[in-house]
Structure formats: C-alpha cells, structure tokens
Amino acid sequence: MVALSEAFTLGTKAGMSPDVLYEVLSESAANSYAMQTRYKNFIAKGNFNPGFSIDLMSKDMGLAVQMAKENGAAAVIGNMAEEIYRISQYIGNGSLDISGVINYYEKIADVKVRS
C-alpha cells in the first residue's frame, strides 16, 4: 500500500489521471491484489472505512520488523513502511483502512488521488 500510494500520488501530481494510471499499472509488474481491491473500492472513491486498519497494519509491521531484527535479517523496506504507517497514525488516520495511508502522501504533494 505504501508503494502504491507513492506511485498514485506521484502520477497524479505529474498530471496523469488516477484512473489511467490504474489501467497502466494493472498491466504491469505493479499489479497486485492490494491495487485491485484498494484503488477502485477505497482510494478512487475517497472511502477509507476500514477493511483492515492502519493501526493494525502498523502493529503487524512492527512485529515483522522486530522479527527481522531478532533473526539478523534485513528489513529496510519494512522499516520504511512501518514508519509511514506510524506517521499516518500520528496525523490521526490510524482508524482508517490501510489504503488511507495515501492521505499522508496527498498531504505532502498537495494533490488528491480520486476518480
């Protein structure tokens, strides 16, 4: 979700239609279950009622990062994603669906990603 949020925000800020961007990404290696379910049902509609909340994802990411530390494994991207979810909690979005993490990126870029 973090990578998709970055991609959709960047593309929209650069002038692409979010729906066109969705179609392009759907035909590339970027396609994923998260994109297929979260773009159309949540992001495009601005509907961030939780299916799985940012609070829960933040907790799970924290557990995964801790497990990596305990086992001497790298979690560079996991650490970054965990931090983005924690920032999302800090700005008051913890109860939103995980797709609501895009609100953080939209705020920074001063753009809304919607159909």
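For region 59-81, does any single residue satisfy the condition of being in contact with a Phe, Trp or Tyr (Cβ under 7 Å, 6 or more places away or on another chain) and either touching a residue at least 40 places away in the same chain (Cβ under 8 Å) or among the β-branched types (Val, Ile, Thr) (or both)? No; the residues of region 59-81 include none that is in contact with a Phe, Trp or Tyr (Cβ under 7 Å, 6 or more places away or on another chain) and either touching a residue at least 40 places away in the same chain (Cβ under 8 Å) or among the β-branched types (Val, Ile, Thr) (or both). If you go through region 82-115 and pick out every residue that is touching a residue at least 40 places away in the same chain (Cβ under 8 Å), closer than 19 Å to Met57 by Cβ and either part of a helix (DSSP H, G or I) or basic (Lys, Arg) (or both), you end up with 11. Just to verify a result, which residue in region 53-63, among those that are hydrophobic (A, V, I, L, M, F, W, C) and crowded, with 16+ Cβ neighbours inside 10 Å, is nearest to Tyr90 (Cα to Cα)? Once the filter is applied, the top-ranked residue is Ile54.
For region 85-104, name all the residues that are aliphatic (A, V, I, L, M) and surrounded by 21 or more Cβ atoms within 10 Å (Cβ to Cβ). Once the filter is applied, which keeps residues that are aliphatic (A, V, I, L, M) and surrounded by 21 or more Cβ atoms within 10 Å (Cβ to Cβ), region 85-104 yields Leu96, Ile98, Val101, Ile102.
Throughout, read-outs are computed from the coordinates displayed, never taken from laboratory work. Bear in mind that the values here come from a model prediction, so they are computed numbers and not experimental data. Positions of Cβ are generated from backbone atoms using ideal geometry, with glycine treated the same way; all protein chains shown enter the neighbour counts.
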